[in-house]
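Here is the structure we will look at.
The values are calculated or read from the model by the stated rules, or taken from the named source; none is laboratory data. All values derive from a computational prediction rather than experimental measurement. Cβ coordinates were reconstructed from backbone atoms using ideal geometry, including for glycine residues, and neighbour counts include every protein chain displayed. To get the accessible areas, we keep the full protein, side chains included, count just its heavy atoms, and leave off ligands, DNA and RNA. Shrake-Rupley method; radii C 1.70, N 1.55, O 1.52, S 1.80 Å.
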Amino acid sequence: KLLEHIIDCDADPFVPNGLQVEDHQKGGSFRWESAQVQLYLSEGQKGVKSMEAIKGYELRRELAGKPVLNANVLDYLLAHPYLIPEEWKGKVVFFWGTIYRNSGGDLFVRWLYWACGRWFWWCHCLEGVWHYDDPAALRASS
């Protein structure tokens with residue numbers, strides 16, 4: 001029997017220094033299978049020109065009601081990097097199910113990126129823009 005990777009999407013998420021959790025969409029137990037994850041791009045991100053983009057606050061509104069994955073999935077994948085699909089390399093994959101706030105009131109979402117031979121995470125402020133290579137990780141619709 002293959003090892004099953006069950007992620008507790010209801011647990012409290014990791015909170016980076018200087019941030020607090022603004023919104024954490026719980027998602028129950030999620031059995032990791034890359035086929036159960038879809039990388040979503042907004043119409044505003046799909047332009048031919050790489051300069052076309054969408055603001056973070058606008059994208060957050062567009063993603064409302066969609067099955068976004070939260071930061072617990074990101075952290076599980078960082079702990080088990082062999083699970084991360086090869087096709088995610090070259091993309092900045094965002095986990096919109098957890099939104100953070102800093103002391104100045106700015107909102108952030110965490111992302112996963114391949115660089116220098118390993119996977120990293122960081123935060124992107126919602127004041128910024130999202131381009132064609134900045135998809136949101138969603139649960140695939142069954």
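For the range 17-28, how many residues are touching a residue at least 24 places away in the same chain (Cβ under 8 Å) and either over 15 Å from ASP106 (Cα atoms) or touching a Phe, Trp or Tyr at 6+ places or on another chain (Cβ under 7 Å) (or both)?
Of all residues in the range 17-28, those touching a residue at least 24 places away in the same chain (Cβ under 8 Å) come to 18-27.
Filter again for either over 15 Å from ASP106 (Cα atoms) or touching a Phe, Trp or Tyr at 6+ places or on another chain (Cβ under 7 Å) (or both), leaving 19-22, 24-27.
Residues flagged as touching a residue at least 24 places away in the same chain (Cβ under 8 Å) and either over 15 Å from ASP106 (Cα atoms) or touching a Phe, Trp or Tyr at 6+ places or on another chain (Cβ under 7 Å) (or both) within the range 17-28 amount to 8.
Scan the range 89-111 and give yes if some residue there is farther than 19 Å from CYS125 by Cβ and aliphatic (A, V, I, L, M), otherwise no. Checked the range 89-111: no residue is farther than 19 Å from CYS125 by Cβ and aliphatic (A, V, I, L, M).
Please find, within the range 29-43, the residue that is nearest to GLY104 (Cα to Cα) out of those that are open to solvent by 30 Å² or more (accessible area, probe 1.4 Å) and of a type in the set (A, V, I, L, M, F, W, C). Give the steps one after another, and end with the answer.
As a first pass, look at the range 29-43 and keep what is open to solvent by 30 Å² or more (accessible area, probe 1.4 Å): 29, 31, 33-36, 38-41, 43.
Keeping just the survivors that are of a type in the set (A, V, I, L, M, F, W, C) gives 35, 39, 41.
Values: ALA35: 38, LEU39: 30, LEU41: 29 Å.
Taking the candidates together, the pick is LEU41.
Looking only at residues that are open to solvent by 80 Å² or more (accessible area, probe 1.4 Å) and either of a type in the set (Phe, Trp, Tyr) or part of a strand (DSSP E or B) (or both) in the range 7-21, which one is farthest from ARG139 (Cα to Cα)? Only one residue tops the list, namely GLN20.
Within the bounds of the range 30-39, is there any residue that is in a strand (DSSP E or B), within 22 Å of PRO85 (Cα to Cα) and either without any contact (Cβ under 8 Å) to a residue 24 or more places away in the chain or aliphatic (A, V, I, L, M) (or both)? Talk me through it step by step, then tell me what you get.
Here is the first cut: in the range 30-39, the ones in a strand (DSSP E or B) are 30-31, 37-39.
If we keep only those that are within 22 Å of PRO85 (Cα to Cα) as well, we get 30-31, 37-39.
Imposing the further condition that a residue be either without any contact (Cβ under 8 Å) to a residue 24 or more places away in the chain or aliphatic (A, V, I, L, M) (or both) reduces the set to 37, 39.
The answer is yes; a qualifying residue exists.
Quick one: in the range 92-132, of everything that is in contact (Cβ under 8 Å) with a residue 40 or more places away in the chain and among the charged types (D, E, K, R), which residue is farthest from CYS9 (Cα to Cα)? I'd like the intermediate steps shown before the answer.
Restricting attention to the range 92-132, the residues satisfying the condition of being in contact (Cβ under 8 Å) with a residue 40 or more places away in the chain are 92-103, 107-110, 119, 121, 123-132.
Next, from what is left, pick out any that are among the charged types (D, E, K, R): 101, 110, 127.
Numbers: ARG101: 20, ARG110: 15, GLU127: 26 Å.
Applying the filter and picking the extreme gives GLU127.
Can you confirm whether the range 89-110 contains a residue that is over 11 Å from the mean Cα position of the chain (by Cα), surrounded by fewer than 24 Cβ atoms within 10 Å (Cβ to Cβ) and part of a helix (DSSP H, G or I)? For the range 89-110, residues over 11 Å from the mean Cα position of the chain (by Cα), surrounded by fewer than 24 Cβ atoms within 10 Å (Cβ to Cβ) and part of a helix (DSSP H, G or I): absent.
Could you tell me whether the range 44-56 includes any residue that is in contact with a helix residue (DSSP H, G or I) (Cβ under 7 Å, 6 or more places away or on another chain) and open to solvent by 90 Å² or more (accessible area, probe 1.4 Å)? For the range 44-56, residues in contact with a helix residue (DSSP H, G or I) (Cβ under 7 Å, 6 or more places away or on another chain) and open to solvent by 90 Å² or more (accessible area, probe 1.4 Å): absent.
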